[in-house]
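Single-structure report; data block below.
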Amino acid sequence: MRITLRQIEIFAAIAASENVSRAAAALAMSQSAASSALVELERQFDCPLFDRIGKSLRLNATGRGLLPQAEEMLARAADLESYLAGNILGPLAVGATLTIGNYLATLIVAEHLRRHPASKTRLQVANTDSIVARLLRFELDIGLIEGEASDPDLLLEPWLDDALVVFCAPQHPLAGRADSGMASLNRQSWIVREAGSGTRALFDRVIARALPDLHIQLELEHTEAIKRAVESGLGIGCLSRLALREAFRRGSLVEIKTPQFDLRRHFYFARHRLRHVSPATRSFLALCRETSGDALGTDSLQLPFIY
């Protein structure tokens, strides 16, 4: 065989970082050795894999076609190593959107590590657009997202039901009403998530479209910051019921009833259709599915219940 696994590993690392020095550092090797390995791989098959742009290397069409196959080969090699090492689960890279990451994914990852303490697991938390981009770059094995993604290279599987809730501080004029009409909501100052988040996408599609004079007072990237701003009286907000559960229980925030809006949605599993589903990924997904429905209240995972 003319090609080596090490060459494939170096190629994938350079594709991820678009820089030989950073790839070499990630692989604990010298820059010259990494550069030589890439040059030799391209020379062997007389087939450039990157376009050289200054110090950056960008995958060309051939390189883009090779990358998913290289990632598949490396994932299977990691599975083989794990099997030979005593059936230890291989590395796992999980991405989660902010609501899921802050209120569910960290607990699930903690349980995964409790069950598989030798597993090298990484969790990245960002908005939906960022998680989708990382999945498409093969940087993540699995994504837990709250917004729908339409890219044909992604496979989506519904996971949990969720809903957005409009809310305010207890002293707000809309607090305690049986429901709030469109005119009242149209006059409010809103504090919402940033563009690119699944929460914002649903808010724009349902609420913003129905309120022609909608005034957005603040856009914030974090749910806790939005809750604090609403608690202080700056305006009203719209977030996942999961993120508001404890605040509603304490009484620091209250729900504004909006039966005129359908704010139901799903949480999804997302993965690249060409990404190898490793034993670590399968194990993690099985653990996530244990949280479905009423299982969200089980003692074994100690996860909050979505109601």
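The values are calculated or read from the model by the stated rules, or taken from the named source; none is laboratory data. Keep in mind it's a predicted model, so treat the numbers as computed, not measured. Here Cβ is always computed from backbone atoms with ideal geometry, including for glycine, and neighbour counts include all displayed protein chains.
Structure summary
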quantity: Residue count for region 40-72, restricted to those that are in a loop (DSSP other than H, G, I, E, B) and under 16 Å from E18 (Cα atoms); calculated: 5
quantity: Set R271, R205: member being assigned by TED's automatic domain parsing to the domain that holds D141, among the charged types (D, E, K, R) and under 24 Å from the mean Cα position of the chain (by Cα); calculated: R271
quantity: Index of the failed condition, L214 passing every other in (1) on the phi < 0 side of the Ramachandran plot; (2) under 21 Å from the mean Cα position of the chain (by Cα); calculated: (2)
quantity: Unique residue being part of a loop (DSSP other than H, G, I, E, B) and either under 28 Å from V254 (Cβ atoms) or modelled with pLDDT under 95 (or both) when the list is P158, P117; calculated: P117
quantity: Index of the failed condition, P173 passing every other in (1) more than 16 Å from P212 (Cα to Cα); (2) over 31 Å from the mean Cα position of the chain (by Cα); (3) in contact (Cβ under 8 Å) with a residue 60 or more places away in the chain; calculated: (3)
quantity: Subset of region 133-191 that is in contact with a Lys or Arg (Cβ under 6 Å, 6 or more places away or on another chain) and over 27 Å from I14 (Cα atoms) - its residue that is surrounded by the fewest Cβ atoms within 10 Å (Cβ to Cβ); calculated: D179
quantity: Some residue of region 45-52 being among the aliphatic types (A, V, I, L, M), surrounded by 13 or more Cβ atoms within 10 Å (Cβ to Cβ) and outside the structural domain of E246 (by TED's automatic domain parsing); calculated: yes
quantity: Wholly within region 212-307, strands (runs of 3 or more DSSP E) carrying at least 3 residues that are at pLDDT 95 or above, among the acidic types (D, E) and surrounded by fewer than 17 Cβ atoms within 10 Å (Cβ to Cβ); calculated: none
quantity: Matching residues in region 192-211 - criterion: being in a helix (DSSP H, G or I) and in contact with a Lys or Arg (Cβ under 6 Å, 6 or more places away or on another chain); calculated: T199, R200, L202
quantity: Odd one out for A77 among (1) in contact with a Ser or Thr (Cβ under 7 Å, 6 or more places away or on another chain); (2) under 30 Å from D46 (Cα atoms); (3) surrounded by fewer than 19 Cβ atoms within 10 Å (Cβ to Cβ); (4) among the hydrophobic types (A, V, I, L, M, F, W, C); calculated: (1)
quantity: Residue in region 123-141 that is of a type outside the set (V, I, T), assigned by TED's automatic domain parsing to the domain that holds Q260, closer than 25 Å to I216 by Cβ and not in a strand (DSSP E or B) present; calculated: no
